[in-house]
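Data first, discussion second: the structure below is written as structure tokens.
The values are calculated or read from the model by the stated rules, or taken from the named source; none is laboratory data. If you're wondering where the values come from, they're calculated on a predicted model, not measured in any experiment. For neighbour counting, all protein chains shown are included, and Cβ atoms are generated from backbone atoms with ideal geometry for every residue, glycine included. Side chains are part of the model used for accessible areas, which takes the heavy atoms of the whole protein and leaves out ligands, DNA and RNA. Shrake-Rupley method; radii C 1.70, N 1.55, O 1.52, S 1.80 Å.
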Amino acid sequence: MPTVAVKLYSVFFKLVLKHRLQSLLQSPSVQTEADPFGITCRADESTAPANPSFSAADGVATKDIHIDPLSSLSVRIFLPSPELTASAPAQRQAQKGEAYQGYLPSINGVGRQSKGGSRKLPLIVQFHGGGFVMGSNISSANDFFCRRIAKACDAMVVAVGYRLAPESRYPAAFDDGVKVLQWLGKQSNLASIASAKGVAGGGGAEGRIVNGTDPFGTATVEPWLAAHADPSRCVLLGVSCGANVANHVACRAVESGKQFEPVKVVAQVLMYPFFIGSVPTHSELRLGNSYFYDKAMSVLSWKLFLPDKEFDLDHPAANPLVPGRGPPLKCMPPTLTVVAEHDWMRDRAIAYSEELRKVNVDAPVLDYKDAVHEFASLDMLLRTPQAQACAEDIAIWVKKYISIRGHEFSY
């Protein structure tokens with residue numbers, strides 16, 4: 001059973017959550033038309049500032065980027081320790097506590113990749129939880145979680161700040177997830193063009209970038225991604241409702257074929273997904289009033305997220321088990337599902353994994369005893385041994401698909 005501290009915190013958490021959800025239901029934004037710009041972080045959210053210097057605590061540098069001028073969609077990039085870049089200049093920057101740039105400025109003002117070279121890192125695109133109405137990619141808890149994942153998986157993490165409901169209802173969050181993959185693909189193509197023009201112009205194999213733009217000044221090139229990201233090894237990772245977004249993006253990647261190239265989704269991780277349906281499962285009947293996110297509060301979140309005319313617990317965003325939706329399951333990428341013993345959402349997540357395995361998709365389930373919903377990502381539980389073990393277990397499985405040489409462990 002969960003500890004007494006967890007039980008007490010859960011009671012307090014549910015009281016606060018109920019108040020926040022009811023306040024949102026009564027807010028003017030529920031009655032008005034959707035705001036196309038939207039918000040990605042609420043004023044009362046505890047946030048962690050971006051730090052472009054490699055942290056002394058975990059060796060991870062971060063930066064925030066607003067990627068869509070027409071909305072509030074943003075990302076936070078997590079770049080793990082300088083040792084992973086195999087770049088001597090980067091290591092010297094870290095030792096001095098300087099902000100890491102990815103491309104070092106030269107005397108004539110032309111930026112270029114560090115001469116020491118850099119090892120390309122796989123990408124993990126992360127979607128935070130919060131019932132579609134709360135949470136943020138820059139919250140203190142999500143920042144800590146993404147740092148842990150970046151280090152454990154030896155990967156660059158891109159945490160997505162998608163638009164929240166009710167200001168921006170469905171499909172805003174799902175569309176934002178797709179836009180991030182399109183942006184990553186564009187960034188990779190721009191970096192390739194800049195590198196090719198640099199070679200043609202005598203700039204060397206590393207290529208050249210002028211004032212953060214491509215050689216013709218037509219578009220911004222993100223230097224960290226250009227220097228270190230390998231988009232052909234992309235993993236989607238969703239936490240709670242973020243798992244619903246991740247699964248939707250994976251479906252779109254399958255359906256679109258080459259639309260996101262050179263980004264290739266090689267796997268996805270669904271951590272206690274926010275699945276629900278009109279026909280209750282055994283765990284919903286048995287654990288519906290369980291810890292932190294009980295079923296009644298979750299239904300309120302869905303009412304805030306789905307447009308009034310589309311509200312249905314079997315909506316495609318809510319229930320992946322309704323047949324005839326999306327691409328054939330056999331085309332889905334390998335999918336790791338994380339579930340908790342005391343989470344009422346567990347049965348539907350396990351059932352989805354079973355359906356994937358029936359069509360020969362690698363879809364194992366990690367089931368954690370005495371665990372609750374968001375046991376590996378909630379602020380109070382982040383530093384528990386179980387949360388750390390979960391990150392390490394995820395890394396073991398993910399490395400089968402992102403490691404160039406493969407990996408000796410499997411589930």
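Listed values, structure above:
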| item | result |
| --- | --- |
| Over the range 327-377, relative contact order from alpha-carbon pairs under 8 Å, at least 6 apart, % | 49 percent |
| Per-q log10 I(q)/I(0), the range 262-341, q = 0.22 Å⁻¹ (Debye; single scatterer per alpha-carbon; no solvent) | -1.21 |
| Residue-wise HN-Hα coupling along the range 164-169, computed from phi with Karplus coefficients 6.51, -1.76, 1.60 (Hz; x: Gly, Pro) | 9, 8, x, 4, 10, 7 |
| Backbone N under 20 Å from the ASP308 label point (7 Å along Cα→Cβ), restricted to the range 153-194 | 165-172 |
| Three-way shape label, the range 320-411, alpha-carbon gyration tensor, a/c 1.5 | oblate |
| Sequence-distant residues sharing a close amide H with LEU366 (under 5 Å, placed H) | THR337, VAL338, VAL339 |
| Theoretical FRET efficiency, 1/(1+(r/R0)^6), r = Cβ-Cβ of LEU285 and SER55, R0 41 Å, to 0.05 | 0.35 |
| Where the range 262-411 is the region considered: accessible area per residue in Å², 1.4 Å probe | 43 Å² |
| Global geometry of the range 1-73, whether rounded, prolate or oblate, following the gyration tensor of its Cα atoms and the 1.5 cut on a/c | oblate |
| Residue-normalised accessible area of the range 1-63, expressed per residue, 1.4 Å probe, Å² | 62 Å² |
| Residue-span extension gain [ASP68 to ASP379] - 0.36 nm each, minus C-alpha spacing | 109.1 nm |
| Three-way shape label, the range 258-411, alpha-carbon gyration tensor, a/c 1.5 | oblate |
